[in-house]
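J.: Before I ask anything, here is the structure I am working with.
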Amino acid sequence: DLILHKTISRYLKPNLQELSSMLVPLCCVLVAVCVLADDLVLDNNSFFLYNYKYHDAKLAQTGTRLDNVVTDENSQKKSHLWTLTPNPKYPDYYYISNEMYPDYRIMDFIDGGKHYVATTNNGHSSDMLFKFTPQTGKYEGWYVITNKANPNDKLTKESGYYRDIYFYWGPFYEECLWKLVPRVDAKATTNIVFEMDNRQASQPFTATVTITKGVKRSSTTTLQSKTTYKASISASLAGLKGITPSVSLEFTRELTKSFSEYSEESWSTKHTFTFTVPAFKNFKVMQRQVTFMGHLHDDNCRLEGKYKIFESGTATFDDEEFIVGEVLKLGESD
């Protein structure tokens, strides 16, 4: 409730007139409100965690033993992905679990005076809850990660050795900083699905066009977890900037429909239409879409949304209000 209140108070004031004109249920309005939040969307999102001092070092989990949380400087892989699950009682704190071992959570484990970065599947205590505090100035874009049970403890990489990660309780230094790189990044574009300039012809032209709606993955490989993948896609969409509340609501509805109504094998459906281009007319069909670019190739996908038909007697169209982002020509989005 606190997070939602902060988001609404930042967004509603300058945009009240536009939102009040949208005749949708309150729950849908709140989704649109969250879309244009300035901050990185943390809730249920998945990230690669990079250290500031050792910039190639990514937090990783190698197994289910207590001491299996390490860092890895090799190329990105699924064991480097961490999902942040908010605690309903403490909304500023998160459980941190790995994509490969989703039942295990990072814990601030104290033994012999040393504060270790451990992993466990036993319980949900406060030593497994962490706060991500964004930094400003020189360190803008970086986070300090602290523990709820031990508020002075900061996730820290003490040296270049892969096992040297601890919870450090002393004053701030750069080894305590972490970059959260989202699993996927979102980009809104408008795709030209079909176009035909029939202005020089005295007869109509008929064409059959297939339009895809929903989420279309680039890979056919099996996902490690559909749950965390869908949550990352949803969080990435919620953080998408540069679009209006009505367009973001439109994309959110289509994404929800894709994950709930379409086949889990594809999350999309195809529709075939027969378009008739009138004589002496310029004709095109445009479709809004969001491309999700993953750091892992298997994560790439595209959300195909609303389409619209445009006719004109000239070389130009009245399409400015429909267009979002870059306009992609035929075949450019494949």
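J.: Sticking with the crude label model, points 7 Å out along Cα→Cβ, report the distance from Thr314 to Asp43 in nm, one decimal please.
T.: 4.6 nm
J.: Report, in debye and to the nearest 20, how large the dipole of the chain comes out about its Cα centre when Lys and Arg carry +1 and Asp and Glu carry -1 on their Cβ.
T.: Computed charge dipole of the chain: roughly 300 debye.
J.: Sticking with this structure for a sec: Keeping all protein chains in position, work out how much accessible area Tyr90 exposes to a 1.4 Å probe, and write it in Å² to the nearest 10.
T.: In the full protein context, Tyr90 sits at about 80 Å².
J.: So how exposed is Ile145, as accessible area in Å² (1.4 Å probe, rounded to 10)?
T.: 0 Å²
J.: Here's another thing I want to ask about it. Mind listing which GluC sites (Glu not before Pro) in the stretch 233-319 are in a DSSP loop and have 14 or fewer other Cβ atoms within 10 Å?
T.: Within the stretch 233-319, the qualifying GluC sites (Glu not before Pro) (loop, at most 14 other Cβ atoms within 10 Å) are Glu264, Glu265.
J.: I've got another one for you. Using 1/(1 + (r/R0)^6) with R0 = 51 angstrom and r between the beta carbons of Thr206 and Thr227, what's the FRET efficiency to the nearest 0.05?
T.: 0.70
J.: Pick from Val285, Val209, Val117 the residue whose mean-square fluctuation is largest in a GNM of the chain, springs joining Cα atoms under 10 Å.
T.: Val209
J.: Accessible area, 1.4 Å probe, largest first: how do Lys230, Lys257, Lys241 sort?
T.: On the way: Lys230 55, Lys257 80, Lys241 115 Å².
The residues order as Lys241, Lys257, Lys230, largest area first.
J.: If DNA, RNA and ligands are ignored and the probe is 1.4 Å, what is the ranking of Trp178, Trp169 by accessible area, most exposed first?
T.: Trp169, Trp178
J.: In the full protein assembly as shown, how much of Lys53 is accessible to a 1.4 Å probe, in Å² to the nearest 10?
T.: Looks like 100 Å² after rounding.
J.: Further, regarding this structure: With the cut-off at 1.5 for a/c, could you classify the stretch 263-315 from its C-alpha gyration tensor as rounded, prolate or oblate?
T.: Taking the square roots of the gyration eigenvalues as a ≥ b ≥ c, the stretch 263-315 is prolate.
J.: Over the stretch 108-237, with every protein chain in place, what whole percent of the accessible area is carbon and sulfur at 1.4 Å, could you tell me? List each step's numbers first, then the result.
T.: On the way: 2950 of 6150 Å².
Exposed carbon and sulfur together represent 48 percent of the surface.
J.: Then there is this: Taking R0 as 35 Å, what's the FRET efficiency between Asn152 and Gln76 from their Cβ-Cβ distance, rounded to 0.05?
T.: Details: r = 31 Å, r/R0 = 0.89.
It comes to 0.65.
J.: Here's something else I'd like to know. Quick one: Cα centre-to-centre distance for the stretch 102-159 and the stretch 40-56, in angstrom?
T.: 13 Å
J.: While we're looking at this one, here's another question. Tell me the angle of helix 2-20 to the major Cα principal axis of the chain, expressed in degrees between 0 and 90 and rounded to the nearest ten.
T.: 20 degrees
J.: Pull out a ≥ b ≥ c, the square roots of the eigenvalues of the alpha-carbon gyration tensor of the stretch 45-144, then state rounded if a/c is under 1.5, prolate if not and a/b is larger than b/c, and oblate in the remaining case.
T.: rounded
J.: What is the packing order of peptides 128-141, 67-80, taking the mean over residues of other C-beta atoms within 10 Å and listing the highest first?
T.: 67-80, 128-141
J.: What whole-number value in Å² describes the accessible area per residue of the chain for a 1.4 Å probe?
T.: Here the residues of the chain average 50 Å² of exposed surface.
J.: Calculate the dipole size of the stretch 190-334 relative to its Cα centre from +1 charges on Lys and Arg beta carbons and -1 charges on Asp and Glu beta carbons; express the result in debye to the nearest 20.
T.: 240 debye
J.: Of Lys78/Lys226; Lys270/Lys306; Lys114/Lys157; Lys216/Lys257; Lys157/Lys230, which sit over 19 Å apart, Cα to Cα?
T.: Beyond 19 Å between Cα atoms: Lys157/Lys230.
J.: Out of these labelled values of Rg/Rh (Cα atoms, Kirkwood Rh), [x] 1.00; [y] 1.06; [z] 0.96, which was calculated from the coordinates shown here?
T.: After the calculation, the listed value that fits is [y].
The values are calculated or read from the model by the stated rules, or taken from the named source; none is laboratory data. Since we're looking at a predicted model, the values are computed, not measured. A quick note on method: Cβ atoms are made from the backbone with ideal geometry, for glycine too, and the neighbour counts reach across all protein chains shown. Ligands, DNA and RNA are excluded from the accessible area calculation, which covers all protein heavy atoms including side chains. Shrake-Rupley method; radii C 1.70, N 1.55, O 1.52, S 1.80 Å.
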